[in-house]
Amino acid sequence: MDTKALRQKILDLAIRGKLVPQDPNDEPASVLLERIRAEKQQMVKDGKLKAKDIKNDTVIFKGDDNLHYEQFDDGTVKCIENEIPFELPEGWAWCRIRNIANVKGGKRLPKGESFSDDVTDHVYIRVTDMKNRTINTSGLKYITEEVFAKIQSYTISKNDLYVTIAGTIGVVGEVPEILDGMNLTENAVKVCNISINKTFLCYVMLSELVQQQFQDKTHQVAMPKLALERILGTLIPVCPVKEQQLIVFSIKSALQIADTIEIQKNALFELVSATKSKILDLAIRGKLVPQDPNDEPASVLLERIRAEKEELIRQGKIKRDKKESVIFKGDDNSYYEKIGDEITCIDNEIPFEIPENWAFSRLNNIMELISGRDLSPSDYNDTEDGIPYITGASNFINGKVSLVRWTPKPQVITNYGDLLITCKGTIGEIAINDFGKAHIARQIMAIRNIYNLNIDYLSLCLQFYIESIKQSAKGLIPGISREDVLNIILPVPPNKYQIVVVEAIQKYKEILNNIEANLN
């Protein structure tokens, strides 16, 4: 279930008057808005409000022709039917935010000033603190008394709403009582002197109707900016006072249900993810599918690979690797590695126990590793001239490689069936080459299967080891070396088990992926 869409649907029903029943005995919103206008005019007469503050107030009404019109302060009238998004229930009315509230900006820290290292009486509320229709009180920043004295006019109260206006546009929420009177960033504004239910207005401003107006009115520059005047001119629906209260209660109840659904959905996502990891863990420990004692032992498979390597060396097709080794279990039940004539105990490197007919081997003994190389910009293109050029993690999507560049001058080639792994920047993206020849950049290594092992099983092993591989990364732009990959100790099962376990994992993966898809 898409809980984000569910929340928006709740808000949409609310602002259309379809969330709670209408009561024809309620005082119409038009009367409420007329009373607010009268109160404002009285405040001007009493000197509590400046005349310029109500100069742009308007009245929106429906004419005899059933069209919507807006009357301005100077008496002129304009048809605004093209602005009206939908019909409202009887007793509701349209107005601008300026008709029921004021909007005032925040203030940046004075030049040369910075946040206090100590907790003070003055919190400086930033956009990053504004989350989930409130203000997150963990990680708050504070300012000194001296800095507060310079920007003390730019505070926000518990009776106000905030709206973010720079960078992230249109985040709206209420102010907790403990942050009453604290300073407000210049990247947000406060909606103050609110004449209707504050929480009702908050929900209205969170609706798609208002959010779309904010986006349409945003000044598109390098950093998007929403002007105060544009917020004031935003069109909103207003309902009778009693219905505002009912709507607030109903929305809160409905959103709590949506929040519960999301919590449960996230918990299920985490459970699915943990299940995938557990299946992978069981698979490479030999515990996912039954062992067949009649299968050819992995030791025989590895001995055959060593014989094939010797023949390839004899033919001059590959060079002898001085680090080639054999891992075996001694009479003392410890694991040893033999390189040439040297034997070393490697119990500390063995990740777990394996079934009787399995064996351990370093990757460099059973696979060939090919490091990529970058091409000059003049040597590649996006017109499919040549063979594909795979440059990095951006080409890896859900275990597949996306082909977007080509080169007529390839140097380092990956072939069909190679296992590709990103090794610099974003480390550990894995995909099997299922498309054919391609050039790989230095951010990628290709693991080539030249001894007819199951490449899908090797991919599972790398997925299991990926976190430990990442931990070996070094450099300002993190990268792993050839040795980091070649030295991985792999659990090698009999060939038949490799095939069976890959098929089993594919079935489990399909089931779990379907569960995830149904959660969205």
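The values are calculated or read from the model by the stated rules, or taken from the named source; none is laboratory data. Treat the numbers as computed from the prediction; the structure is a model and nothing was measured. Note that each Cβ is placed from the backbone with ideal geometry, even for glycine, and that neighbours are counted across all protein chains shown. Remember, those area values only see protein heavy atoms, side chains included, never the ligands or the DNA or RNA. Shrake-Rupley method; radii C 1.70, N 1.55, O 1.52, S 1.80 Å.
Extension gain for Ile397-Phe328 works out to 21.0 nm (0.36 nm per residue, less the C-alpha to C-alpha distance). Normalised per residue, the accessible area of the chain is 53 Å², obtained with a 1.4 Å probe and no contribution from ligands, DNA or RNA.
Label positions at Asp281 and Glu310, each projected 7 Å from the Cα along the C-beta direction, are separated by 4.1 nm. Once the Cα-Cα distance is subtracted from the 0.36 nm per residue extended length, the Asn136 to Gln411 segment shows a gain of 93.7 nm. Counting only DSSP beta bridges with both residues in the chain, the antiparallel share comes to about 95 percent.
Computed from the C-beta positions of Ile261 and Thr128 and an R0 of 22 Å, the FRET efficiency is 0.25 to the nearest 0.05.
To the nearest 20 debye, what charge dipole does the range 266-381 have about its Cα centre, counting +1 at the Cβ of each Lys and Arg and -1 at the Cβ of each Asp and Glu?
Details: 17 positive and 23 negative charges, 81 e Å.
Dipole about the Cα centre, nearest 20: 380 debye.
Restricting the range 313-414 to chymotrypsin sites (Phe, Trp or Tyr not before Pro) that sit in a DSSP loop and have at most 16 other Cβ atoms within 10 Å of their own Cβ leaves Phe352. Rounded to the nearest 0.05, what FRET efficiency is calculated for Glu83 and Lys18 with R0 set to 22 Å and r the Cβ-Cβ distance? It comes out at approximately 0.60.
Which one of Met130, Met367, Ile151 has its Cα pushed farthest toward the positive end of the charge dipole of the chain, where Lys and Arg give +1 and Asp and Glu give -1 at the Cβ? Highest projection toward the positive end goes to Ile151. So the label point goes 7 Å from the Cα of Tyr69 along Cα→C-beta, right? Which residues of the range 75-112 then have their backbone N under 15 Å from it? Only 75-82 pass the distance filter. Highest mean packing comes first when the peptides 97-108, 18-29 are listed by Cβ atoms within 10 Å, giving 97-108, 18-29.
Extension gain, Glu483 to Lys55: 0.36 nm times the residue separation minus the Cα-Cα distance gives 146.7 nm. Solvent-accessible area assigned to carbon and sulfur over the chain amounts to 50 percent, based on a 1.4 Å probe.
Asp332 exposes around 90 Å² of accessible area when a 1.4 Å probe is run over every protein chain in place.
Using DSSP to call loops (not H, G, I, E or B), can you name the trypsin sites (Lys or Arg not before Pro) in the range 52-83 whose Cβ has at most 16 other Cβ atoms within 10 angstrom?
On the way: sites: Lys52, Lys55, Lys62, Lys78; in loops: Lys55.
Answer in residue order: Lys55.
Spin-label model, Glu384/Phe435: points 7 Å from Cα along the beta carbon direction are separated by 1.1 nm.
In a simple Cβ point-charge model (Lys, Arg +1; Asp, Glu -1; nothing else charged), the chain has a dipole of about 1080 debye relative to its Cα centre. For a paramagnetic label modelled on Thr120 (point 7 Å from Cα along Cα→Cβ), amide N atoms under 17 Å away belong, within the range 144-166, to 144-156. Taking the Cα centre of the range 358-469 as origin and assigning +1 to Lys and Arg Cβ atoms and -1 to Asp and Glu Cβ atoms, the resulting dipole is close to 240 debye.
Do any GluC sites (Glu not before Pro) in the range 345-392 lie in a DSSP loop with no more than 16 other beta carbon atoms within 10 Å, and if so, which? Those satisfying the criteria are Glu353, Glu356, Glu384. Note on Glu353/Gln245: beta-carbon distance plugged into 1/(1 + (r/R0)^6) with R0 of 45 Å gives a FRET efficiency of 0.10.
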